[in-house]
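Chemist: I'd like to ask some things about the structure below.
The values are calculated or read from the model by the stated rules, or taken from the named source; none is laboratory data. For clarity, every value in this text was computed on a predicted model and none was experimentally measured. Because the Cβ atoms are built from the backbone with ideal geometry, glycine has one as well, and the counts that use them run over all protein chains shown. Areas reflect the complete protein model, heavy atoms only, side chains present, ligands, DNA and RNA absent. Shrake-Rupley method; radii C 1.70, N 1.55, O 1.52, S 1.80 Å.
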Amino acid sequence: MKRLLITIYAFCSFLTFFSQSRPTPEQLGSIYYAYPAPAEAPAPAPEGYEPFYISHYGRHGSRWMTDDVRYVAMVSLFDSLYRYNQLTALGQDVRLRLHRVWDDARGRSGNITPLGERQHHDIAVRMYRNFPQVFHDSAVVDARSSTSLRCAMSMSYFTDGLKEQNPSLRITRRAYGEYMNYIAYTSPEGEAFSSEQAAWRKDFHAFERRMIRPARLMKSLFLHAENFSEKQSADVMTSLYWIAADMQNVDLCGQVSFYDLFQYDELRDFWRTVNARMYVCNAAAPLNGGVMPRCASNLLNDIVVKADAAISGGNTDADLRFGHDTHLIRLLALMQMEGCANQEADIDKFHLAWQDYKVSPMGANLQLVFYRASGKDVLVRFLLNEHEAKLPIPSVEGSFYRWEDVKRFWQQVAPAQGGDVK
């Protein structure tokens with residue numbers, strides 16, 4: 001019966017996506033989609049219940065691209081061809097745009113941008129205002145981060161936002177290597193599966209060659225596009241795609257754009273290849289056999305253990321974790337969260353079953369908010385990117401679940417994927 005419920009639940013998520021309007025160019029930026037702040041506060045709790053504890057996992061905020069390679073390669077290419085008068089009028093204009101982007105990104109690759117700073121500050125402020133009972137005077141907040149600088153800086157801006165609301169909060173902030181075994185863990189089996197040598201990559205690369213069509217783009221930029229090999233052309237399109245996608249995360253957004261270089265179907269089909277890779281390497285794709293969601297077992301266990309401690313009278317009022325997109329995606333798949341655990345075996349339908357920009361945009365976060373009422377069961381609600389999210393089990397009301405029911409469900413589904421939820 002439980003398997004039937006999960007299947008029906010996944011099919012409904014599929015239909016929901018299929019009926020929606022087409023994604024925006026910004027959403028087709030995949031995991032570079034800038035965090036969309038919610039327009040409304042969460043629904044009120046059932047009568048008599050008040051929040052007392054929050055467990056959280058947040059992806060770092062908006063950032064520049066992770067290294068200089070694509071910036072430098074594109075600037076060098078366009079400069080070289082400009083010297084030999086090999087650029088079209090559009091190509092010459094793109095060259096100037098690339099210089100503006102590189103001047104902005106130089107020395108900052110991989111770092112959180114000012115927008116990313118604001119995202120985490122504002123998410124924290126909304127969390128405080130939505131659940132002020134959790135952040136009472138002298139409340140204890142334990143914040144832990146991946147050792148990545150952009151994650152640690154996200155943690156800093158987030159906790160600063162909380163402190164602004166209540167200076168008496170007792171907040172600890174740490175980014176120790178010992179936390180990486182749950183905040184950002186990939187098992188040896190996961191490393192092997194996601195490597196470039198993995199057997200599934202052969203079919204995936206064939207899908208890439210079918211979806212990535214750079215010929216029109218190349219002719220619009222270069223006078224002798226035929227001199228580029230197929231691989232070189234694909235590499236140029238790939239670099240321009242990522243540069244275009246990242247513009248929404250930097251302060252040049254609104255001043256410089258590259259979306260005019262792409263036809264919508266080119267952008268959409270390129271995104272489908274990125275989305276497919278993210279789905280297979282991190283989510284509930286049947287192709288990975290549960291290996292990738294299982295990488296989040298330690299993280300899920302940490303959430304459960306610390307929540308039980310808080311329920312039993314522990315002195316921590318909020319546990320905050322700051323990490324990366326891949327680990328949040330795996331956690332949500334392991335949890336069987338709404339829209340995050342759909343299974344599809346046909347690579348041409350991956351984008352219908354699962355969309356990376358919905359699950360883990362820049363600044364993505366999962367909030368588990370715990371409620372209690374005198375003489376009643378502890379309830380938990382899930383907020384994914386500050387929107388109500390559901391599990392495929394009966395709720396008490398809306399997206400409010402009995403914590404014991406949630407744990408029982410995870411004990412059933414996580415071990416089936418190799419997890420170890422206590």
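Chemist: Here are the criteria: (1) of a type in the set (A, V, I, L, M); (2) surrounded by fewer than 19 Cβ atoms within 10 Å (Cβ to Cβ); (3) within 30 Å of Gly91 (Cβ to Cβ). Tell me which single one Leu149 does not satisfy.
Modeler: All conditions are met except number (3).
Chemist: As an exercise: evaluate Thr273 against (1) under 23 Å from the mean Cα position of the chain (by Cα); (2) without any contact (Cβ under 8 Å) to a residue 24 or more places away in the chain and give the number of the one condition it does not meet.
Modeler: Failed condition: (2).
Chemist: Continuing with this model, one more query. Could you please let me know if Leu320 is assigned to a helix (DSSP H, G or I) and in contact (Cβ under 8 Å) with a residue 40 or more places away in the chain?
Modeler: On the way: assigned to a helix (DSSP H, G or I): no; in contact (Cβ under 8 Å) with a residue 40 or more places away in the chain: yes.
The answer is no for Leu320.
Chemist: The conditions are (1) under 20 Å from Arg330 (Cα atoms); (2) not in a helix (DSSP H, G or I), and Met65 fails exactly one of them. Which is it?
Modeler: Result: Met65 fails condition (1) only.
Chemist: For the list (1) part of a loop (DSSP other than H, G, I, E, B); (2) of a type outside the set (Asp, Glu); (3) within 25 Å of Asp67 (Cβ to Cβ), I need the number of the one condition that Ser156 fails.
Modeler: (1)
Chemist: Turning to a different aspect of this structure: From the residues in the range 121-146 that are within 22 Å of Tyr182 (Cβ to Cβ) and of a type in the set (D, E, K, R), which one is least open to solvent (accessible area, probe 1.4 Å)?
Modeler: Checking each candidate, the answer is Asp142.
Chemist: Now a separate question. Look at Val101 and say whether it is free of Cβ contacts under 8 Å to residues at least 60 places away in the same chain and more than 30 Å from Val380 (Cα to Cα). Steps first, answer last, please.
Modeler: On the way: free of Cβ contacts under 8 Å to residues at least 60 places away in the same chain: no; more than 30 Å from Val380 (Cα to Cα): yes.
For Val101, the condition - free of Cβ contacts under 8 Å to residues at least 60 places away in the same chain and more than 30 Å from Val380 (Cα to Cα) - is not met.
Chemist: Among (1) in contact (Cβ under 8 Å) with a residue 40 or more places away in the chain; (2) part of a helix (DSSP H, G or I); (3) crowded, with 22+ Cβ neighbours inside 10 Å, where does Tyr241 come up short?
Modeler: Condition (1) is where Tyr241 drops out.
Chemist: While we're here: Residue pairs, Cβ under 7 Å, 6 or more apart or interchain, first in the range 187-199 and touching a residue at least 24 places away in the same chain (Cβ under 8 Å), second surrounded by 10 or more Cβ atoms within 10 Å (Cβ to Cβ) and of a type in the set (Val, Ile, Thr). List them.
Modeler: Glu189/Val291; Gly190/Val291; Phe193/Val291
Chemist: Same structure, new question: Does any residue in the range 349-374 that is under 25 Å from Pro51 (Cβ atoms) come within less than 9 Å, Cβ to Cβ, of a residue that is assigned to a loop (DSSP other than H, G, I, E, B) and among the acidic types (Asp, Glu) six or more places away or on a different chain, and which pairs are these?
Modeler: Asn365/Glu386; Gln367/Glu386; Ala373/Glu47
Chemist: Just one of the numbered conditions (1) open to solvent by less than 20 Å² (accessible area, probe 1.4 Å); (2) not charged (D, E, K, R); (3) not in a loop (DSSP other than H, G, I, E, B) is not true of Val256; which one?
Modeler: (3)
Chemist: In the range 158-169, how many residues are crowded, with 21+ Cβ neighbours inside 10 Å and not hydrophobic (A, V, I, L, M, F, W, C)? Reasoning before the result, please.
Modeler: Filtering the range 158-169 for residues crowded, with 21+ Cβ neighbours inside 10 Å gives 158-159, 162.
Next, from what is left, pick out any that are not hydrophobic (A, V, I, L, M, F, W, C): 159.
Qualifying residue count, the range 158-169: 1.
Chemist: Output the residue which, of all residues in the range 364-393 that are under 27 Å from Pro286 (Cα atoms) and assigned to a loop (DSSP other than H, G, I, E, B), is most open to solvent (accessible area, probe 1.4 Å).
Modeler: Among those residues, the one meeting the criterion is Lys390.
Chemist: Keeping to the range 39-55, report how many residues are under 13 Å from His136 (Cα atoms) and either under 24 Å from the mean Cα position of the chain (by Cα) or at pLDDT below 95 (or both). Outline the logic, then answer.
Modeler: Start the filter on the range 39-55 by keeping residues that are under 13 Å from His136 (Cα atoms), which leaves 50-54.
Narrowing the set further to residues that are either under 24 Å from the mean Cα position of the chain (by Cα) or at pLDDT below 95 (or both) leaves 53-54.
Result for the range 39-55: 2.
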